[in-house]
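Scroll down for the structure; my scribbles are underneath it.
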């Protein structure tokens, strides 16, 4: 993308977040024109005095070619809202970061993702349940998203890798930094088998204030968030709050009422989070029992006109197969056969009594040109 440098520039400017940047794009049409606009034009676009001063200072001091070189030197690439491979689930949230720095690879199957987070001071119990649940989810084809922190996060990443699965770490620092430093080897393994992701510019140090905002990306890249062990003041609670705001499912593992480390998860369950004791509790809730089969089916069974017609008549409200047959005016055998394949692909879901809905929980949008 030819104007990526200007997206990078705006991402460095303090005070210009997703909302202000969207307003600038709407006003000027693209990032380059916004970056080069005169002060009066920027004021007309709605920039306040402080944000305008930050932008003017950045424009006078930044060499965008140097910034691109620093990103390349870190072995990373940049994705923006306009990139085809920008994570689809993340794009849906209200404050999706305009710029992502990525080391490693993001793939379409990462739309089947669950975040696993928790306390940095993990107990033996917390580590054990995290490893057991994460390993099972990864073996079932789910990508595991976490934050590379000590404790539960590191356990989740490691378990996913050891199970032969994919995992994504969302950083609270620049893509050229590793925090905590003892997880450097783990970070390299994640980059090789999944991806390291951040919205912070190259060179950003892992300061405490960076981590709560990055948690919105962890939940935003996931269909649901699992908290395996967390105290009442754990950062994992912030991730759970973001998940609830984003319409993501929140799952929690119960613990001893005498354990401070489980006080947060127990409270989440009391507040409505879904109690998890087995991986099936998550897979069934998210309609992800056949992720591997769905992924394989989507590769070998492309959508056709029949599927397109059926999808056009389906919604989140259940429709009986007989009613569907009448709506598309097709033989019942053809309709039921197509629905069986579409369910295998994860496109539709039977909800009982031969009634079907669009399986939007599968995290994939279907379109037939």
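All of the numbers you see were taken from the coordinates with simple rules; none came from a lab. Everything numeric here is computed off the predicted structure, so don't read it as measured data. FYI the Cβ positions are ideal-geometry reconstructions off the backbone, even for glycines, and counts take in every protein chain you see.
Give me the Å³ per residue figure for the convex hull around the C-alpha atoms of region 25-172. It would help to have the intermediate numbers written out before the result.
Values: hull volume 21.6 nm³, N = 148.
With only Cα atoms used, region 25-172 gives 146 Å³ per residue.
What area, in nm² and to one decimal, does the C-alpha convex hull of region 1-65 cast on average over all directions? It would help to have the intermediate numbers written out before the result.
Details: hull surface 15.6 nm².
Dividing the Cα hull surface by four gives the mean projection, 3.9 nm².
Would you kindly calculate the translational diffusion coefficient of region 104-285, applying Stokes-Einstein with the Kirkwood radius from alpha carbon pairs, for 10 °C and a viscosity of 1.306 mPa s, and quote it in µm² s⁻¹ without decimals? Estimated via Stokes-Einstein, D reaches 101 µm²/s. Dividing the summed helix terms, -39500 (n - 2.57) for each DSSP H run of n ≥ 4, by the number of residues in the chain produces a 222 nm estimate of -13500 deg cm²/dmol to the nearest 500.
Here are a few candidate values for Cα extents along the principal axes in Å: (i) 69, 41, 40; (ii) 63, 54, 43; (iii) 68, 55, 36. Which one was actually calculated from the structure I just gave you? Computing Cα extents along the principal axes in Å and matching it to (i) 69, 41, 40; (ii) 63, 54, 43; (iii) 68, 55, 36 gives (iii). Can you tell me which of 70, 36, 216 moves the most in a GNM of the chain? Springs connect C-alpha atoms under 10 Å apart. Fluctuation is largest for 36.
Highest mean first, the peptides 224-230, 334-340, 185-191 sorted by other C-beta atoms within 10 Å per residue fall in the order 224-230, 185-191, 334-340.
Considering only DSSP beta bridges where both residues belong to the chain, give the percentage that are antiparallel (nearest 5).
Details: 13 of 33 bridges.
Percent antiparallel among DSSP bridges in the chain is about 40.
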